[in-house]
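*Asks:* Here you go, one structure.
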Protein chains: 2
Amino acid sequence: MKQPIGIIDSGVGGLTVAKEIMRQLPNENIVYLGDTARCPYGPRSSEEVKTFTWELTRFLLTKEMKMLIIACNTATAVVLDEIRNELPIPVLGVISPGARAAIKKTVNHRIGVIGTEGTIRSKAYEMALKQINRRTVVHSLACPKFVPLVESGEYAGSLTERIVSETLQHFNNKRLDSLILGCTHYPLLEPIIRRVMGEEVEIISSGEETAREASVILSHLHLLNTSEEAPNHQFFTTGSKEIFKKIASEWLQITSPNVNRITL
Amino acid sequence: MKQPIGIIDSGVGGLTVAKEIMRQLPNENIVYLGDTARCPYGPRSSEEVKTFTWELTRFLLTKEMKMLIIACNTATAVVLDEIRNELPIPVLGVISPGARAAIKKTVNHRIGVIGTEGTIRSKAYEMALKQINRRTVVHSLACPKFVPLVESGEYAGSLTERIVSETLQHFNNKRLDSLILGCTHYPLLEPIIRRVMGEEVEIISSGEETAREASVILSHLHLLNTSEEAPNHQFFTTGSKEIFKKIASEWLQITSPNVNRITL
């Protein structure tokens, strides 16, 4: 099936999912919408997140997607079930894939989760992890400073390094063996997070794992694209086309991504 | 849903899948059937493998399973599509999960596959890998000596070490960065295989990955077991109950597995 996979996010964070789709499913077309103008979703009320996420979904429904990925953890926590029940196509969030991957990797069953205030407040990861294995010990931490760093393109440098390091001190002596990046913006900070947490902690990127699950479900439903044409990716943002284009081309290593600005 | 996950295999190899199901889905019940009396399937004709696999499937259908996993690569290559089309429950093989995991892990797109003669002859991995990414370079090798070693309980020791090492010399200078264990018996030899291949090669166990995909599909279809009861696993073998029990208790770390011998 040539129809694209739809990806929505509060901004550029979902590009980490898009990148993995491009790597793990190189034949698939992608249509991406990032709500950069209203990012971050993390500190917003559930009602607002719900309304915004439905607006993004409705826009992508006009693009005839065959699957929708809600690449924002905050939106997944609040509105995945509702959207999944309403849409006739498979709808994936990023929380279950991250939780499942952590359960697969952990040995001591002590798992850390970092995310936005909204995601952590929802306890969605904790519930997903405990649903799979009740014995799991979960330590969660909201990191409200991380998304603004990434959206402004500041994902390296000494200021970022200091903020990440100070924030993650929370996990000292918690004996975690796995840490879930419960926000799709965080993989852009992954080299720093990895340095701060140390080699013995497995870093799990929900985005990467979501791409893997998209592949499983598309294949199970016989929806994979078997056409020989080169894929065609379209990106939409509600914010600055230039900043989005810069981050998308750096992160996805595409020289000139097809980016358009829209108003919802 | 409390109904068990059914697992069939030519012998004890599928226990590597059972082990991962127990780890990644600790609430699920398992019913396992190993056709030890007629193992290995690798050198048999397609017709024979097809007949035997249907016999195993029919036996497990009497146990009201909610999902069937064909944990034998040879059987998956020959008869997965046919069984999937006939059964009203989800049916998983071990080949696509292994292929997908390798695609996720590889960087240089040079992937090795080891399996039985039947699996390698079928080119099932090669097709699965190339279907996902045409650029993939696949080097395949049949290792007919490995299954008999495992089934006889000889999965360590210097003889085994020498056989594995001589067999895998085939891959010298092939510049692989990932090797798929395309037979569910091979994870029992994994420590030796890992030593022989060296640290820079990622070893992918199809069994481990299949458990992960079972979790994705059960969750997507709302079929996970949410009961609080401790799980109850049943094992059946067509061969020696004692040898099966010994391997199952060692490998699964259960003191007294519930094993019964049956005749098909």
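The values are calculated or read from the model by the stated rules, or taken from the named source; none is laboratory data. Just so it is clear, the model here is predicted, and its values are computed rather than measured. No Cβ is skipped: glycine too gets one built from the backbone with ideal geometry, and neighbour counts run over all protein chains shown. For the accessible areas, the whole protein counts, side chains as well, though only heavy atoms, and no ligand, DNA or RNA atoms are used. Shrake-Rupley method; radii C 1.70, N 1.55, O 1.52, S 1.80 Å.
*Asks:* Restricting to the range B:28-55, what's the tally of residues that are assigned to a helix (DSSP H, G or I) and in contact with a Gly (Cβ under 7 Å, 6 or more places away or on another chain)? Before the answer, list the steps.
*Replies:* Residues of the range B:28-55 assigned to a helix (DSSP H, G or I): B:36-38, B:46-55.
Checking which are in contact with a Gly (Cβ under 7 Å, 6 or more places away or on another chain) leaves us with B:36-37, B:49.
The qualifying residues number 3.
*Asks:* Answer yes or no as to whether B:Ser140 is out of contact with any Cys (no Cβ under 6 Å at 6 or more places or on another chain) and at pLDDT below 95.
*Replies:* Working: out of contact with any Cys (no Cβ under 6 Å at 6 or more places or on another chain): yes; at pLDDT below 95: no.
Judged against the criteria, B:Ser140 is not a match.
*Asks:* Give me a count of the residues in the range A:200-240 that are more than 22 Å from the chain's Cα centre (by Cα) and outside the structural domain of A:Val12 (by TED's automatic domain parsing).
*Replies:* Selection size over the range A:200-240: 1.
*Asks:* Let me ask you something else. Would you be able to say whether some residue in the range B:154-177 is of a type in the set (A, V, I, L, M, F, W, C) and under 16 Å from the mean Cα position of the chain (by Cα)?
*Replies:* Taking the range B:154-177 first, the residues of a type in the set (A, V, I, L, M, F, W, C) are B:156, B:159, B:163-164, B:168, B:171, B:176.
This time we only want the ones that are under 16 Å from the mean Cα position of the chain (by Cα), so: none.
No, the range B:154-177 contains no residue that is of a type in the set (A, V, I, L, M, F, W, C) and under 16 Å from the mean Cα position of the chain (by Cα).
*Asks:* So which residues in the range A:211-259 are acidic (Asp, Glu) and in a helix (DSSP H, G or I), if there are any at all?
*Replies:* Scanning the range A:211-259 gives A:Glu213, A:Glu242, A:Glu250.
*Asks:* What's the total number of residues in the range B:16-40 that are farther than 26 Å from A:Leu129 by Cβ and out of contact with any strand residue (DSSP E or B) (no Cβ under 6 Å at 6 or more places or on another chain)? First the steps, then the outcome.
*Replies:* First, pick out the residues of the range B:16-40 that are farther than 26 Å from A:Leu129 by Cβ: B:31-40.
If we keep only those that are out of contact with any strand residue (DSSP E or B) (no Cβ under 6 Å at 6 or more places or on another chain) as well, we get B:35, B:37-40.
Total meeting the criteria: 5.
*Asks:* Turning to a different aspect of this structure: Where the second residue is of a type in the set (Gly, Ala, Ser) and the first is within 16 Å of B:Phe59 (Cα to Cα) and lies in the range B:29-44, which pairs have Cβ atoms under 6 Å and are six or more apart or on separate chains?
*Replies:* B:Ile30/B:Ala18; B:Val31/B:Gly6; B:Tyr32/B:Ala18; B:Gly34/B:Gly11; B:Asp35/B:Ser10; B:Thr36/B:Gly11; B:Thr36/B:Gly239; B:Ala37/B:Gly239
*Asks:* Residues B:Ile193, B:Ile204: which one is in contact with a strand residue (DSSP E or B) (Cβ under 8 Å, 6 or more places away or on another chain) and more than 13 Å from chain A (Cβ to nearest Cβ)? First the steps, then the outcome.
*Replies:* On the way: B:Ile204 fails: more than 13 Å from chain A (Cβ to nearest Cβ).
Of B:Ile193, B:Ile204, the one residue that is in contact with a strand residue (DSSP E or B) (Cβ under 8 Å, 6 or more places away or on another chain) and more than 13 Å from chain A (Cβ to nearest Cβ) is B:Ile193.
*Asks:* Of the residues in the range A:209-240, how many are within 12 Å of chain B (Cβ to nearest Cβ) and either in contact with a His (Cβ under 9 Å, 6 or more places away or on another chain) or surrounded by 19 or more Cβ atoms within 10 Å (Cβ to Cβ) (or both)?
*Replies:* Summing the residues that are within 12 Å of chain B (Cβ to nearest Cβ) and either in contact with a His (Cβ under 9 Å, 6 or more places away or on another chain) or surrounded by 19 or more Cβ atoms within 10 Å (Cβ to Cβ) (or both) in the range A:209-240 gives 13.
*Asks:* So, in the range B:241-264, of the ones that are in contact with a Lys or Arg (Cβ under 9 Å, 6 or more places away or on another chain) and loosely packed, with under 13 Cβ neighbours inside 10 Å, which residue ends up modelled with the highest pLDDT? If you could, list the steps in order and put the result at the bottom.
*Replies:* Keep residues of the range B:241-264 that are in contact with a Lys or Arg (Cβ under 9 Å, 6 or more places away or on another chain), which gives B:241, B:244, B:251-253, B:256-257, B:259-261, B:264.
Those still in the list that are loosely packed, with under 13 Cβ neighbours inside 10 Å too: B:253, B:256, B:260.
Numbers: B:Gln253: 91, B:Ser256: 91, B:Asn260: 97.
The qualifying residue modelled with the highest pLDDT is B:Asn260.
*Asks:* Can you pull out every residue in the range B:1-15 that is open to solvent by 10 Å² or more (accessible area, probe 1.4 Å) and at pLDDT below 95?
*Replies:* Of the residues in the range B:1-15, the ones open to solvent by 10 Å² or more (accessible area, probe 1.4 Å) are B:1-4.
Of everything in the range B:1-15, those that are open to solvent by 10 Å² or more (accessible area, probe 1.4 Å) and at pLDDT below 95 turn out to be B:Met1, B:Lys2.
*Asks:* Next up: B:Glu47 fails exactly one of the following numbered conditions: (1) surrounded by fewer than 24 Cβ atoms within 10 Å (Cβ to Cβ); (2) touching a Ser or Thr at 6+ places or on another chain (Cβ under 6 Å). What is the number of that condition?
*Replies:* Answer for B:Glu47: the failing condition is (2).
*Asks:* Another one. If A:Glu28 meets every condition in (1) under 26 Å from A:Glu208 (Cβ atoms); (2) surrounded by fewer than 16 Cβ atoms within 10 Å (Cβ to Cβ) apart from one, which number is that one?
*Replies:* Result: A:Glu28 passes all but (2).
*Asks:* Among the numbered criteria (1) more than 14 Å from chain A (Cβ to nearest Cβ); (2) loosely packed, with under 14 Cβ neighbours inside 10 Å; (3) within 30 Å of A:Asn133 (Cα to Cα), which single criterion is violated by B:Arg175?
*Replies:* Only one criterion is unmet by B:Arg175, namely (3).
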